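So the structure is just underneath, and the comments pick up after that.
Each reported figure results from applying straightforward, stated rules to the coordinates on display, with no laboratory input. Since this is a predicted model, take the numbers as computed values, not measurements. Counting neighbours? That spans all protein chains shown, and the Cβs are built from the backbone with ideal geometry, glycine included.
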Amino acid sequence: MNFPIIAPSVLSADFANLGRDVEMINNSEADWFHVDVMDGVFVPNISFGFPVIKSIKKLASKPLDVHLMIVQPERYIKDFKDAGADILSVHIEASTHLHRTIGAIKENGMKAGVAINPHTSVSQLKDVLMDIDVVCMMSVNPGFGGQKFIENTYKKCAELKAMINECGSSCLIEIDGGVNDITAPKLLASGADVLVAGNYVFASNNPSQTIAMLKQINKSTTIA
Ligand code: DX5
Ligand code: ZN
C-alpha cells in the first residue's frame, strides 16, 4: 500500500448524482471509500443505511471503509458485511463489550476498526491495539461534514503512533474530520496513515485533483 491512504467521505457527495461521484473516486488516486453511518442517537444527525451502501458497493472498485456512528453497533455486524463493508469501525464510546465486537467483525471477514471521539484518550486503546487494523481518530465531534479541525489531534496522533510502535501492532491511524491542505501535512508528520476527507474534496472545483494533491503530500513534511 502506497501511503498516505486517502479515503474520500461519501457523506459530502451529491446524493442526486451518487453514481457519478462513486465513479469519480474509482477513477481517482483515492484508496478507500469512507462511508459514514449515523443513527441520530449516538450522533445528532442521520445519514444513510443499507440500501445506499449496497448501491455504492455495486459500483465501487475500491474497499468500503464503513464508520459506524451508531449505538450498540454489535447488533448489525453481519448486515454491514452483507451490505459490502470491507473495513468496519465502531466507536469505543458506543460498544460496551468492545473486545467481543472486534472479534465478531473479524469473524465476519472484515478488517476491524475502533473510532474514538475527541474527548477519548488514546490510552483507552492499549488493550485492543494488537487486535485491530485501524484506529479512526475523530478530529471533529462526529455528526457532520465540514467542521473545524481540533488542534489537539496532532498530539493524540503522535501519542498513538508511539503506543503502536511500542507494542509492535500493525494498526493504521486514520484521521477523520477537517482534513485539508493545511492539516494533512502536519497529520502525516504526526504519524497518520489514512486521511479521510469529505468537504475538502467534494467542495473543491476539481475533486479528483484534490484527492491527487492529498495523495502526494510527503510524510516527512515538518510540523510548523
Ligand atoms: C463526521 C464524519 C466524517 C466526515 C468528515 O462525523 O465521520 O467522516 O465526513 O468530513 P470533513 O472532511 O468534511 O470534515
Ligand atoms: Zn467518518
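The table below lists the values:
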{"quantity": "Hits in segment 102-123 (condition: β-branched (Val, Ile, Thr) and over 20 Å from Lys156 (Cα atoms))", "calculated": "Ile102, Ile105"}
{"quantity": "Scan of segment 22-50 for residues that are touching a residue at least 60 places away in the same chain (Cβ under 8 Å) and more than 16 Å from ligand 2 (Cβ to nearest atom), ordered by number", "calculated": "Met24, Asn27, Ser28, Glu29"}
{"quantity": "Residues that are within 14 Å of ligand 2 (Cβ to nearest atom) and farther than 16 Å from His91 by Cα, drawn from segment 118-148", "calculated": "Gly145, Gly146, Gln147"}
{"quantity": "Matching residues in segment 167-181 - criterion: being within 11 Å of ligand 2 (Cβ to nearest atom) and either touching a residue at least 40 places away in the same chain (Cβ under 8 Å) or part of a loop (DSSP other than H, G, I, E, B) (or both)", "calculated": "Glu174, Asp176, Gly177, Val179"}
{"quantity": "Filter result (of a type in the set (Gly, Ala, Ser) and within 16 Å of ligand 1 (Cβ to nearest atom)) within segment 175-191", "calculated": "Gly177, Gly178, Ala184"}
{"quantity": "All positions within segment 192-211 that are near ligand 1 (Cβ under 10 Å from one of its atoms) and in a loop (DSSP other than H, G, I, E, B)", "calculated": "Gly198, Ala203"}
{"quantity": "Positions within segment 42-74 being surrounded by fewer than 18 Cβ atoms within 10 Å (Cβ to Cβ), within 14 Å of ligand 1 (Cβ to nearest atom) and assigned to a loop (DSSP other than H, G, I, E, B), in sequence order", "calculated": "Pro44, Asn45, Phe48"}
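Residue-wise test of (1) at positive phi; (2) more than 14 Å from ligand 2 (Cβ to nearest atom).
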| position | (1), (2) |
| --- | --- |
| Leu11 | no, no |
| Val52 | no, yes |
| Leu59 | no, yes |
| Gln72 | yes, yes |
| Ala83 | no, yes |
| His99 | no, yes |
| Met110 | no, yes |
